[in-house]
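To start, the structure itself, in structure tokens.
The values are calculated or read from the model by the stated rules, or taken from the named source; none is laboratory data. It should be emphasised that the depicted structure is a prediction, and the values quoted were computed from it without experimental measurement. Here the Cβ positions follow ideal geometry from the backbone for every residue, glycine too, while neighbour counts run over all protein chains shown.
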Amino acid sequence: MDSVTNRIHDFKSNASIIVKSFNSEYKKTPLRIKVIDAFIVYALLTAAIQFLYMLCVGTFPFNSFLSGFFCSLGFFVLSVSLRMQVDPSSTEFKGLLPERAYADFVFCGCLLFLVVWNFMG
Amino acid sequence: MFPVLLLLLSTAFTCQASSQKVLVLLDDFKTRSTHSLYFNDLISRGYEISFKSASDKKLQLKDWDEWLYDKIVLFAPTATGLGANSDHTTLLEFIDAGKDVLVAVDSSASELMRSLAADIGFDLDARGASVTDHVDYVKFAMADHTLIASEEFMQSSAILGNFTDSAPILFKGAAATMSPESTLGISILGAPETAFSHLPGKPVTDNPLVANGYASLVAAIQARSGARIVLAGSVDMFSNAYFTTAGFETASGKRFDKAGNRAFCDEVTKWAFHERGVLRVTNVHHSHAGEQEQPDWYRVSDDLEFGLDIFELVGGVWQPFKADDVQVEFVMLDPYIRTKLQHNEQGHFYTAFKVPDVYGVYKFVINYHRAGYTPLELAKTVSVRPFRHNEFERFLVAAYPYYMSVFSTMAAFFVFGFAFLYHK
Amino acid sequence: MAFSLRLFSVVKYESVIHEFDPYFNFRVTIYLTKQGFYNLWNWFDDRTWYPLGRVIGGTVYPGLIWTAGVMFKVLHAFNIPINVQEVCVFTAPLFSAFCSLAAYLLVKEIRGRGAGLTAAAFMAMVPSYISRSVAGSFDNEGVAIFALVFVFFLYVKALNTGSLAWSSAAALAYLYMVASWGGYSFIINLLPIHCLASIFTGRLTAKLYIAYAPLIILGTLEAASIPVVGFNAVLMSEHFGAFFAFGILHAALAIRYIKDILPVKAYNAAKTLVLTSGVVLMSGILLLVLFYVMSSPTFGWTGRSLSLLDPTYASKYIPIIASVSEHQPPAWPSYFTDLQAASILMPAGLIALFWPLTPASLFLILYACTAVYFSGVMVRLMLVLAPAACCLAGIALHEAIATLFKGVHAARDEQESKPLKEDVKAKKPSKPAKAGFWSILPGFSETGRPIPRDAAIVGLLGLAAVALFYTWHSIWVSAEMYSAPSIVMQTRGGDGSIHIFDDFREGYAWLRYNTPEDAIVASWWDYGYQTTAMANRTVLVDNNTWNNTHIATVGRAMASPEKQAWEIYRALDVTHVLVIFGGFIGYPSDDINKFLWMVRIGGGVFPDIKEKDFLGEGGYRVDTKAGKALLDCLMYKLSYYRYAEASLMTTGQLGFDRVRNVQIGKMDISLEYFEEVFTSEHWMVRIYKVLDRPARDGKLPNPRSSRGKIRRGSS
């Protein structure tokens, strides 16, 4: 009993430490990245909501669900990719201009929406 | 112009109907006089009769590809050959060409007659055997009890018309059995319960060919070529003597004022010669519900209408057929729909139903087999195709959250673009 | 080169379409050019699979047909009047040329230009690919292999550049691949394997993510919009691997991100937390997915995929898959004929790829390994192996040549004391080949010394010989083996003269002009496509074997005695029966030899057909010791009807079958319910008419009368 409460306490303190340090570290990221992060979270949220909705209502318009869900997921993936490309702390994409990265992103986004529209109806 | 044409047509039709050529094949020209009542009845119904001897070497049924006769009456039980031929293949060809034959034999039927019977699916009992009834024979001078009176005739107005005469039919001759596998045979006249078939005068050593229930005295088939063939086990039953029997008594003590032979034989002949029980189908039609045009295909779950006209030949005139048991099936491998057709008393049969939710090539099938009537077998193919891609329901209410999410994501995409590009 | 090599068949025969499936594709293409795209999509074909019909738009991989249709339209837009058939005949060779280009690009991306060139050269001539892309072979695989290699190229490109544009281009190419061939599931499984392998070998990079994640998302959506794949893209177990790897990739990235961002201490604490919660979460999701799969209607793997994982699966459970020769494990010699030199050079190339091991080369290694395995299971997938083998062989050959040239030049340098100028030149095209794979051999790797000049020259000559031999072999193969359209047969007589057997076309033409428009032809399913395309008649079953029961019904009819078979055919409204008989000229793949499959497939659905009834003494045979059921069955009768006399003329022996090399077991065959209406010149195609019901039920057995006869006989 004791050990369990201890564990939970440990866990709590650990978690608080993590959250705190994460917060403090995260403040260092540039604003631009933060904007992207906001959209990433948004995309994830919509995806999760749709999934829950599907669980409640059932899978009937399955193609609509798929297109909606994958649309959010795709947007999420693309944003993550973009974030990694423009993240100044990363070393992999030194020579890449953010504008070029964004152009790629737009291209992919258009493609994604095209496919989604095609599939939704 | 038009009425003239009609007139021509109608005269052509009546001519054709009236001048049907009947060939009567005999063993012996004496029959011509002993059976004259029967032949006169035929002539009075408009048939043109020619008498020939079955063994006449000059006998010809066919001139090149053209049949010389429309019907054949075969009253030649002992004939061993037909004309110059020693077998009956020409006769079978005649049947397969859709032409009617009435055969009467007796207990001395020749091998030729037996194989003819076998080829239409009947088996005549052995040579010499005749139908005997020791319990209920007709009291005439004959001692061997082979003259019997049967009332076991088939209850079918298609074949016997309004032959409701309760008089029994006098019969003296051979019985035939029908194979249980025969799908075409019908027994028009059965034997009384106490009758059996055996060689007269010989002791019965084991089970004889039981007559009643198995044996037919008068049997018939409707060949798939359309031909009708009647096989009667007795030539005598068509004779003047039997036609005019004034009154008789059976062994069991029943008395009858007259025999029913004349009416019975005439009715059977009418049926055999396609004067009765003939059906005709016209105007088979199917369409979308409420439309007239006949499409090549339907979509699954469409509503459709199906109809056809059936007419019956009554006394030489086509009249609307009335029956409540005509069915149509909508078949793809198995019948998906089987429904009765309604009719409007004018001969038009119709129904409406919904195409099943399975695509494929379907057939409308009418399979109407009633004893005595021309069998109606027709099938009409039509394809049933699935929904086209743009025929499904769109913009479902249940899917609105998904549409919303797609729109919101796209909006986010544009907002993001602004935020990303203008935020330095 | 690749193009011209494949034109042998046109030269030797004529511009005809080969085999079975291409005829169907050809027919669909004609429909497309006439009716347009949307009508094709919604085409419900009532000429095949009578009476079920087939929804062509929803069951066909449309890539090939689109391609041919677009080519046709483009050519006509330029006012080049060309027949659809010509377009179809030349599509495959054209795409094999594209495929060589794609192979060049792929290998260039992995190893540099020189290796790319040699790989492309191999690709152009690899016999197993030729087999599917000779002119006239208008089949899905022809374009699909190009699409396959091209997807791989774009994926590797995206992997190398880390650009979203390349990644989405890969997704587009993947769309084309999905539209072309069912083999796309190979890609969707190979990519996750590569992704996982990269993660676990510590090669997780943002580039990998950019190459992989968008491809999966976009690719899945695209695949789902191809009607034939549809929801299977999400529901079938074959695709779960991709999503699984997708999840793992995200988890790995998240961990790395947290690791980067958090101080060490917090990271350690977080690690335990994330690990425990992560495991719980993952198992939860896994359970959910499992549950979902269980409840979904398309649970489980398709038969073909299962037979890939377990080679014995098909033969055990689904005879129809096993009956196709393409689906059987290949024999060893076929590796050699199909890949030839490439099969020898392949292992060398595989080893060479490990130095240096980049993510791209890791990909090629994985590709080659899985392809080898799959081709070992199914002959058909030899095709997937072919590009891998070619790339590897190309790399190996290039490495070898580079090293040997280095040897030659180095030796000259030693003599002439010239600095490494030429050496550098020789090395130039092979940038990554720093320590060629020869160096792993102990003799060379320790010293790092170049190979002696003489040995190098001998080696070069040897390699040249190998290359020449390979070329010669490929040309021979393409000319002799794979150009045969199998619809026109060619044999050499004893005196070297060439006989052409054109019986198939003769038979189909007869059907076309001598049977009523709505005739329904029953044959074994192999000939279904050809009958619909060439004879334009409705068939019961065809090569798209989607309904096992229906095929089993046809198999059952063939295996039944005449009367029962006739009843089955009547029930299906069949008017004509077509059988292929090779006994007259010795054509081995005829219906008698396929017959056991009919029995097996028929027996799989209708248990009253038992294979052992058809086997005679010591197995399957057609002579007097054959199984009783075989001698009575319809197929036997239709094949050998009237054959006894005919063979007396040609072989001098009554009823001698030249395929089985035996005298047949039953000479006097009479048919009661079928009527022979056509037999082609060499007896290969025999067509029978299903007779109507007889007008009378003549001569029926009558139990009572027979009893009566016995009675009278005894008394």
*Considering (1) outside any strand (DSSP E or B); (2) touching a strand residue (DSSP E or B) at 6+ places or on another chain (Cβ under 6 Å), say which one C:V521 fails and leave the rest.*
(1)
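Given the criteria modelled with pLDDT under 65, in contact with a Ser or Thr (Cβ under 6 Å, 6 or more places away or on another chain) and within 14 Å of chain B (Cβ to nearest Cβ), does C:R704 qualify? It would help to see each step written out before you state the result.
On the way: modelled with pLDDT under 65: yes; in contact with a Ser or Thr (Cβ under 6 Å, 6 or more places away or on another chain): yes; within 14 Å of chain B (Cβ to nearest Cβ): yes.
The answer is yes for C:R704.
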*asked:* Report every pair of residues separated by at least 6 positions or lying on different chains whose Cβ atoms are under 6 Å apart, first residue within segment C:568-586 and touching a residue at least 24 places away in the same chain (Cβ under 8 Å), second surrounded by fewer than 20 Cβ atoms within 10 Å (Cβ to Cβ) and among the basic types (K, R).
replied: C:H576/C:K689; C:G583/C:R658; C:G586/C:R658
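Looking at segment B:249-279 only, could you name the residues that are of a type in the set (F, W, Y) and assigned to a helix (DSSP H, G or I)? Step through it out loud before you land on a result.
Residues of segment B:249-279 that are of a type in the set (F, W, Y), as a first pass: B:256, B:264, B:271, B:273.
Answer for segment B:249-279, where residues must be of a type in the set (F, W, Y) and assigned to a helix (DSSP H, G or I): B:F264, B:W271.
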*Looking at (1) modelled with pLDDT of 85 or more; (2) of a type in the set (S, T, N, Q); (3) surrounded by fewer than 18 Cβ atoms within 10 Å (Cβ to Cβ), which is the only condition C:N593 fails?*
(1)
*So which residues in segment C:174-197 are within 14 Å of chain A (Cβ to nearest Cβ) and either surrounded by fewer than 24 Cβ atoms within 10 Å (Cβ to Cβ) or among the acidic types (D, E) (or both), if there are any at all?*
C:L175, C:Y176
*Here is a list of conditions, (1) at pLDDT 90 or above; (2) out of contact with any Leu (no Cβ under 7 Å at 6 or more places or on another chain); (3) of a type outside the set (A, V, I, L, M); (4) assigned to a strand (DSSP E or B), and B:T282 meets all of them except one; can you say which number that is?*
(1)
*Residue in segment C:348-358 that is under 22 Å from C:I187 (Cα atoms), at pLDDT 75 or above and among the polar types (S, T, N, Q) present*: yes
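In segment B:45-101, which residue that is assigned to a strand (DSSP E or B), closer than 12 Å to B:L26 by Cα and among the β-branched types (V, I, T) is nearest to the other protein chains (Cβ to nearest Cβ)?
B:I72
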*Pick from B:D334, B:D324: which is within 14 Å of another protein chain (Cβ to nearest Cβ), without any contact (Cβ under 8 Å) to a residue 60 or more places away in the chain and farther than 30 Å from B:Q20 by Cα?*
B:D334
*Filter segment C:126-136 for residues that are in a helix (DSSP H, G or I) and touching a Cys at 6+ places or on another chain (Cβ under 9 Å); which is modelled with the lowest pLDDT?*
C:S133
*asked:* Considering only residues that are closer than 16 Å to B:A412 by Cβ, among the hydrophobic types (A, V, I, L, M, F, W, C) and touching a residue at least 24 places away in the same chain (Cβ under 8 Å), which ones fall in segment A:44-67?
replied: A:L44, A:A47
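Of the residues C:E645, C:E672, C:E611, which single one is modelled with pLDDT of 80 or more and exposed (fewer than 15 other Cβ atoms within 10 Å of the Cβ)? Walk me through it before giving the result.
Values: C:E645 fails: modelled with pLDDT of 80 or more; C:E611 fails: exposed (fewer than 15 other Cβ atoms within 10 Å of the Cβ).
Just a single option satisfies the conditions, and that option is C:E672.
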*asked:* Looking only at residues that are surrounded by fewer than 12 Cβ atoms within 10 Å (Cβ to Cβ) and small (G, A, S) in segment C:460-477, which one is farthest from C:V408 (Cα to Cα)?
replied: C:A465
_I'd like to know if segment B:345-368 contains one or more residues that are exposed (fewer than 15 other Cβ atoms within 10 Å of the Cβ), in contact with a Pro (Cβ under 7 Å, 6 or more places away or on another chain) and in the same structural domain as B:E291 (by TED's automatic domain parsing)._
yes
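Suppose we keep only residues that are closer than 19 Å to B:F122 by Cα and among the hydrophobic types (A, V, I, L, M, F, W, C) within segment B:160-187. Which one would you say is nearest to the other protein chains (Cβ to nearest Cβ)?
Step one: filter segment B:160-187 for residues closer than 19 Å to B:F122 by Cα, giving B:171-187.
From what's left, among the hydrophobic types (A, V, I, L, M, F, W, C): B:171, B:174-176, B:178, B:184, B:186.
Values: B:F171: 20, B:A174: 13, B:A175: 11, B:A176: 10, B:M178: 8, B:L184: 5, B:I186: 12 Å.
Out of the qualifying residues, it is B:L184.
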*Residues of segment B:276-300 being surrounded by fewer than 17 Cβ atoms within 10 Å (Cβ to Cβ) and of a type in the set (F, W, Y), which ones?*
B:W297
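Take residues that are of a type in the set (A, V, I, L, M) and tell me which of the helices (runs of 4 or more DSSP H) falling wholly in segment C:563-632 contain 2 or more. First the steps, then the outcome.
On the way: elements: C:591-605, C:611-614, C:628-632.
Qualifying helices (runs of 4 or more DSSP H): C:591-605, C:628-632.
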